[in-house]
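Participant: Quick one: the structure is below, questions incoming.
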Amino acid sequence: MLANTQSPSAKRDIKTRQHLMERSFARSVRYGSRNAIDKYEEKS
């Protein structure tokens, strides 16, 4: 199982998923989603 997570294709998949999640978050903040804004302010 660990070998699967270290493969180049798995690492590329993780990067892709992370990028998509960050893009989704950025869009929700832009359009004023209170939940996303509250989570962002907690991190800052």
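Participant: Between Glu22 and Ser7, 0.36 nm times their residue separation minus their Cα-Cα distance comes to what?
Facilitator: 3.1 nm
Participant: Highest mean first, how do 2-12, 21-31 rank when packing is the count of other Cβ atoms within 10 Å averaged over residues?
Facilitator: 21-31, 2-12
A short reminder: the numbers here are calculations on the coordinates, not readings from a lab. Predicted, not measured: the structure shown is a model, and the values here were computed from it. FYI the Cβ positions are ideal-geometry reconstructions off the backbone, even for glycines, and counts take in every protein chain you see.
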